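A short worksheet on the structure shown next.
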Amino acid sequence: MAQTTALRQFAQTETQPLQRRPVIEINGAEKTFGNGFRALEPVDLTVREGEFLTLIGPSGCGKSTLLGLMTNLLQPSAGQVKWWGDSFERTGTPGKSLSIVFQDATLMPWASIEANVRLPLDLAGVPRSESTPRVRAALEKVGLKGFGDRLPRQLSGGMRMRVSIARSLVTEPDLLLMDEPFGALDEFTRNKLDADLLDLWRERNLSIVFVTHSIYEAVFLSSRVVVMAARPGRISRIIDIDVPGPRDEEFRGSPRFAALCAELSAALREASDQSGSHPQDE
């Protein structure tokens, strides 16, 4: 995957973030499970076109629950979630779609890499004459050109996550939702995949919602960071990551990066202090 600095430029444009069209609108959405456990108190949040928004917070703060509402895998107990201005079943903009990348690569171990990436196109009835070039293009985008005939067990953990990302991109989504996709990887591999993800974000003009426990990852990737507190899950603070220059290794070593990490760390300590006293799982 090309590592061009140009793709990681956060240049000023005529359309500022607050003027961009909403992709997801969460209005007073909360979640209480059947056993009475309240995972989320009412949340108001808007994700806009072209935004890279990251959710971060202590364990049990409802990050995965909130992401579940955004994916429509969970339904709110109260409140409303809209995608492109409408319900999930009838989004207001024809042709708009989303893809999900989970914590695990969730690949079919018996199938080739190409077959794994092609799965959503097969399920959609896309003919092979169309799906094959799309699959190979997606694999090339994530740096896996020539690996299509391999099996998942023949790849490293980082490469398997690249396959998972390729599978999510092959449907050409407008919105990508990612639940700690790089959390189990070593720091070097994670940093490489973070940089490659930014390339894809800029190149594809994606909207991305990303969940992480890493302060450094959140600052490196995000346009905005949503800091959450726990018991019940709620938004504690939203931090803008205003960095108009390139996000690269030089940025990681800059005073600005260090200052933003310190600000986010302080916000997380405050969120932890706000959290309730009864332990819970997300």
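No lab work stands behind these numbers, since they all come straight from the coordinates. Since the structure is predicted, the reported quantities are computational estimates derived from the model, not experimental observations. No Cβ is skipped: glycine too gets one built from the backbone with ideal geometry, and neighbour counts run over all protein chains shown.
A few comments on the model shown:
- The angle between the Cα long axis of helix 187-204 and the main principal axis of the chain comes to about 80°, on a 0 to 90 degree scale.
- Acute angle (nearest 10 degrees) that the helix 255-274 long axis makes with the longest principal axis of the chain, alpha-carbon atoms: 60 degrees
- Overall form of region 142-186: oblate. Here a/c, set by the Cα gyration tensor axes a ≥ b ≥ c, is 1.5 or more, and a/b is not larger than b/c.
- Here the contact order of region 107-172, divided by its residue count and restricted to Cα pairs under 8 Å and six or more residues apart, works out to 50 percent.
- Whole-number percent relative contact order across the chain, with pairs defined as alpha carbons under 8 Å at least 6 apart: 28 percent
- Amide H contacts for residue 231 (H built 1.01 Å from N in the peptide plane; partners 5 or more residues away or on another chain; cut-off under 5 Å): 276.
- With θ taken as phi - 60° and the Karplus curve 6.51 cos²θ - 1.76 cosθ + 1.60 applied, the whole-hertz 3J(HN,Hα) list for region 104-113 is 9, 5, 6, 9, 6, x, 8, 9, 5, 4 Hz, x standing for glycine and proline.
- When the Cα positions of 73, 36, 54 are compared along the charge dipole of the chain, 73 comes out farthest toward the positive end, with charges on each C-beta of Lys, Arg, Asp and Glu.
- For the chain, with +1 on Lys and Arg beta carbons and -1 on Asp and Glu, the positive-most of 198, 244, 135 along the dipole: 135
- Non-local lysine pairs in the chain, meaning eight or more places apart or on different chains, with alpha-carbon distances under 22 Å, amount to 7.
- 0 to 90° range, to nearest 10: angle between helix 157-169 axis and the chain longest Cα axis: 90 degrees
- Three-way shape call for region 57-165 based on the alpha-carbon gyration tensor, with the a/c threshold at 1.5: oblate
- Unit Cα scatterers, Debye sum, the chain: log10 I(q)/I(0) for q = 0.12 Å⁻¹: -0.78
- Region 107-172: C-alpha gyration tensor shape, a/c 1.5 cut-off, then a/b vs b/c: prolate
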